[in-house]
Amino acid sequence: MDFDAVTKYSALHAKPPGLSSQYGTAGFRTKAENLNHTMFRMGLLAVLRSKQTKATIGVMVTASHNPEEDNGVKLIDPLGEMLAPSWEEHATCLANAEEPELQTVLSDICQKEAVDLQHNAFVVIGRDTRVSSKKLSQSVIDGVSALGGRYHDYGLVTTPQLHYMVCCQNTHGNYGTATVEGYYQKLSKAFMQLIKQAVSRKDGPMHLKIDCANGIGALKLKEMEHYLPECLRIHIDNDGSKGKLNHLCGADFVKVHQKPPVGLEMKTSERCCSFDGDADRIVYYYNDTTGRFHLLDGDKIATLISTFLKELLVKTGQTLTLAVIQTAYANGSSTRYLEEAMKVPVHCAKTGVKHLHHKAQGFDVGVYFEANGHGTVLFSKAAEEKIRQQAEHEKDNIKREAAKILENTIDLINQTVGDAISDMLVIEAILALKNFTVQQWDAMYTDLPNRQLKVKVADRRVIDTTDAERRAVKPPGLQEKIDALVKKVKWARAFVRPSGTEDVVRVYAEADTQENADKLAHEVSLAVYHLAGGAGEEPKPVV
Ligand code: NG1
Ligand code: ZN
């Protein structure tokens, strides 16, 4: 390893002494002005990971739904999945090493992970539309070059597009062609195959309004529009030409505030959706005839997709396991509906898609979604093979047709990570095939009223949880207090956990009415404030 080159280049991306950060749920995320050294070092780390795995590694520069001033970076492992947990620790050590320690930390990682320094490294890089992203991705490139790695800069891409590229590169084109055109072609072909049957019955084109959060999703959808069939008319709003990234718009805003984004004109019953800033999350919504806003979040999406897949699996006669993976934030109604009405097993994982992804890998078909709209479907290799075989060789017409639909669904889904564009096309195809309106989809079950709040505490690590974050084991007395509060309210559920991306404790409550959910969330916030070292003013009631 040419340490001299590393030292020389590192001086150009020097770490401000004392600054420390952590590779969290979604990589590093903080004010863009403090990220130069982190980016350079993640370029270095990507080279080491590439040498160790003997595969292409991805580096994505984005801060997803955070405001424009923030930025962030995450590494993508060989099959397009999130970075392995042991390497997250290396990432944190490397990002926090003071300049003179840099060489020692790099050597330690090489030693611990038996990195083959002779092996060539290849890194692919992508970035979102933030003003800071261009310069920061150049810092990543400098890091890659300092360790003699080769790279390809994909420039402006959505996060899931870069995950797709990594998977394509490492499967030698089996997953698809590693270009944005390859991505558009793969998805649009699968989509057209899927909706063929539905289109013949439909009277007119399907219309969908899309709030792109003033982010990368708008650019990429505009490119992709030419590949999509006439029958799907997309109307892109918040395309970045006027508004600020993620400001009063985007999937996170819509989900958290439970209201439509600014900059999108919604007519009664019109089907609309919102992407987040890097286009890996999606939520749907509409206004009913009384003007009431209806949100169809990740739980509703998981329900629609898993119901569709289950019906098809039954038709094929294949005995494949299917499960839905949720987090504690999933609405209680969705879990009940899936388990009781649909007879689909549901599992709960810790927050963060890597945990859901991992759990979903334990099934032939694993549907995972966070309530905030980040999710996808995983098919085991064996399941995929069985379905493809059946689609080609099955004699029974009904079984063969069902297998073909499943095969096209597999090709339409981005199995590497949640992908707003791919998820949107899957949803549009399912609605068309089932001849469902957004209202019919929404009517599958009714969400329990719920409220999410944040509480500031001196040190959020004083809270420790168990049972997929549904119960607090620390500080003493907190869970007992929550239990007592929950007991008083009908259909209630509440939990608290320290956020992995913000310096806050998150509180979630649901109950029979919005008023009760708001009241419970506030009371639980007060319990956190008093028992877990609240900072600043006491939490106020929800208004
Ligand atoms: P934290 O801040 O750990 O709650 C948030 C989301 C996660 C996940 C990550 C990464 C909620 C409640 N939490 O994590 O689901 O998406 O950000 O972006 O939505
Ligand atoms: Zn995102």
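The values are calculated or read from the model by the stated rules, or taken from the named source; none is laboratory data. No experiment lies behind these values; they were computed from the predicted model shown. We place every Cβ from the backbone using ideal geometry, glycine too, and count neighbours over all the protein chains shown. To get the accessible areas, we keep the full protein, side chains included, count just its heavy atoms, and leave off ligands, DNA and RNA. Shrake-Rupley method; radii C 1.70, N 1.55, O 1.52, S 1.80 Å.
Each label was represented as a point 7 Å from its Cα along the Cα-to-Cβ direction; for Lys242 and Ala14 these points are 4.6 nm apart. On full extension, the segment bounded by Ser499 and Lys54 gains 156.8 nm, given 0.36 nm per residue less the C-alpha separation. For the range 182-294, give me the percentage of DSSP beta bridges that are antiparallel, rounded to the nearest 5 percent. Bridges in the range 182-294 that DSSP calls antiparallel: roughly 40 percent. Given R0 = 45 Å, the distance between the Cβ atoms of His207 and Ala484 translates into a calculated FRET efficiency of 0.35.
Residues of the range 499-523 with the amide nitrogen closer than 13 Å to a label point 7 Å from the Cα of Arg292, along Cα-to-Cβ, please. Hits in the range 499-523 for Arg292 at 13 Å: 513-514. For His530, the accessible surface of its heavy atoms amounts to roughly 120 Å² (probe 1.4 Å, protein chains only, rounded to the nearest 10).
Can you give me the Cα centroid spacing of the range 36-56 and the range 451-481 in angstrom? After rounding, the separation between the Cα centres reads 35 Å. Each distinct pair of alpha carbons in the chain adds a 1/r term; the inverse of their mean, the Kirkwood radius, is 24.2 Å. Largest accessible area first, the residues Val486, Val47 order themselves as Val486, Val47 under a 1.4 Å probe with ligands, DNA and RNA left out.
Length gained on full extension, Ser107 to Thr7, computed as 0.36 nm times the residue gap minus the Cα-Cα distance: 34.7 nm. Computed on the range 292-391, the Cα convex hull volume stands at 102 Å³ per residue.
Note on the range 330-380: with neighbouring protein chains present and a 1.4 Å probe, carbon and sulfur make up 51 percent of its accessible heavy-atom surface. In loop segments of the range 473-524 as defined by DSSP, the trypsin sites (Lys or Arg not before Pro) with at most 14 further C-beta atoms inside 10 Å of their C-beta are Lys488, Lys490. Three semi-axes describe the equivalent ellipsoid of the range 450-531; taken as square roots of 5 times the Cα gyration tensor eigenvalues and ordered largest first, they are 20, 13, 11 Å. Amide H to amide H, with H built 1.01 Å from N, Ala121 comes under 5 Å of Arg150, counting only residues 5 or more places away or on other chains. Using a cut-off of 24 Å between Cα atoms, the listed pairs Lys343/Lys454; Lys434/Lys490; Lys209/Lys259 include Lys343/Lys454; Lys434/Lys490 as exceeding that distance.
Backbone phi angles across the range 512-525, fed through the Karplus curve with coefficients 6.51, -1.76 and 1.60 (θ = phi - 60°), yield HN-Hα couplings of 5, 10, 4, 4, 5, 5, 5, 5, 4, 4, 5, 5, 5, 4 Hz in residue order; Gly and Pro are listed as x. In this label model, Glu515 and Val314 are separated by 4.0 nm, measuring between points 7 Å along each Cα→Cβ vector.
Can you give the percent of C-alpha pairs in the range 252-310 whose distance is more than 18 Å? Walk me through the intermediate numbers first.
On the way: 608 of 1711 pairs.
Across the range 252-310, Cα pairs with separations above 18 Å total 36 percent.
Using the heavy atoms of the protein chains and a 1.4 angstrom probe, tell me the accessible area per residue for the range 182-294 in square angstrom. The answer is 44 Å² per residue.
Estimated from helices alone, the mean residue ellipticity of the chain at 222 nm is -13000 deg cm²/dmol (sum of -39500 (n - 2.57) over DSSP H runs with n ≥ 4, per residue).
Pop out the carbon and sulfur fraction of the accessible area of the range 182-294 as a percent, whole number, probe 1.4 Å.
With neighbouring chains kept in place, the figure for the range 182-294 is 49 percent.
Computed from label points 7 Å out along Cα-Cβ, the spacing between Asp459 and Val131 is 3.8 nm. A 1.4 Å probe run over the range 39-164, with the rest of the protein chains in place, finds 34 Å² accessible per residue. Per-residue Karplus couplings for the range 117-129, computed as 6.51 cos²θ - 1.76 cosθ + 1.60 with θ equal to phi - 60°, are listed in order as 5, 6, 6, 6, 10, 9, 10, 10, 10, x, 8, 8, 8 Hz, Gly and Pro entered as x. Mean sequence separation of contacting Cα pairs (under 8 Å, at least six apart), scaled by the length of the range 199-313, corresponds to a relative contact order of 26 percent.
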